[in-house]
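Peer 1: The following block contains the structure, expressed as structure tokens.
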Amino acid sequence: MTRPRCRFRINFYPRCRDFRPGDLPCRESNCVEISEEEIEALRLKNMKDLDQTEAAAKMGVSQSTFQRVLSSAYKKVTESLVKGKILKIIKT
């Protein structure tokens with residue numbers, strides 16, 4: 001039996017659900033999916049300038065969980081920018 005998934009507190013839901021370089025058509029091989037938790041982690045860390053302890057508390061998770069989510073988000077955004085892929089926000 002697997003451990004139940006952690007419940008994140010998310011206070012921001014973006015209006016746009018995907019970001020495309022140019023007029024690329026959406027194909028599975030051309031998309032990078034990023035979760036709402038990852039978007040919230042990026043927002044708290046980079047836009048609100050919170051340190052990881054404060055941001056983790058706002059999301060209701062441990063600092064190590066926040067760090068894993070943030071690291072995953074950075075990798076996905078970087079892949080999207082470097083490889084010219086669509087960044088698609090998925091609802092979790």
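Peer 1: Of (i) 5.7; (ii) 6.9; (iii) 6.3, which is the value of mean projected area of the Cα convex hull in nm² derived from the coordinates here?
Peer 2: Label (ii) holds the value from this structure.
Peer 1: Dipole magnitude of the chain about its Cα centre, charges +1 at Lys/Arg Cβ and -1 at Asp/Glu Cβ only, in debye to the nearest 20?
Peer 2: Approximately 200 debye in magnitude.
Peer 1: OK, next. By how many degrees, 0 to 90 and rounded to 10, does the Cα axis of helix 63-83 deviate from the longest principal axis of the chain?
Peer 2: Its long axis makes an angle of about 10 degrees.
Peer 1: To continue, here is another question. Calculated from DSSP H runs of 4 or more alone, at -39500 (n - 2.57) each and per residue, what is the 222 nm mean residue ellipticity of the chain, nearest 500? It would help to have the intermediate numbers written out before the result.
Peer 2: Working: 3 runs with 36 residues, N = 92.
Mean residue ellipticity, 222 nm, calculated: -12000 deg cm²/dmol.
Peer 1: On to the next question. Would you work out the relative contact order for the chain, in percent, from Cα pairs under 8 angstrom that are 6 or more residues apart? All intermediate terms of the calculation are to be shown ahead of the outcome.
Peer 2: Details: 104 pairs, mean separation 41.6, N = 92.
Here the relative contact order equals 45 percent.
Peer 1: Give, in nm to one decimal, the length gained when the segment between D23 and R7 is fully stretched (0.36 nm per residue of separation minus the Cα-Cα distance).
Peer 2: On the way: separation 16, 0.36 × 16 = 5.76 nm, distance 3.54 nm.
My answer for the length gained is 2.2 nm.
Peer 1: Do me a favour and compute the ellipsoid semi-axes for the stretch 36-90 from its Cα gyration tensor, root of five times each eigenvalue, largest one first, whole Å. Show your work: numbers first, answer last.
Peer 2: Details: eigenvalues 93, 20, 18 Å².
Calculated on Cα positions only, the semi-axes equal 22, 10, 9 Å.
Peer 1: Something else: Of the lysine pairs in the chain, how many meet both conditions: Cα atoms under 25 Å apart, and a spacing of 8 or more in sequence or different chains?
Peer 2: Here the count comes out as 24.
Peer 1: Related question: Loop only per DSSP, at most 16 neighbouring Cβ atoms within 10 Å: give me the GluC sites (Glu not before Pro) in the stretch 18-75, ordered by residue number.
Peer 2: Passing sites in the stretch 18-75 do not exist.
Here, each number is a calculation from the coordinates, and none is a lab measurement. Quantities reported herein were computed from a predicted structural model and do not represent experimental measurements. Backbone-built Cβ (ideal geometry, glycine too); neighbour counts: all protein chains shown.
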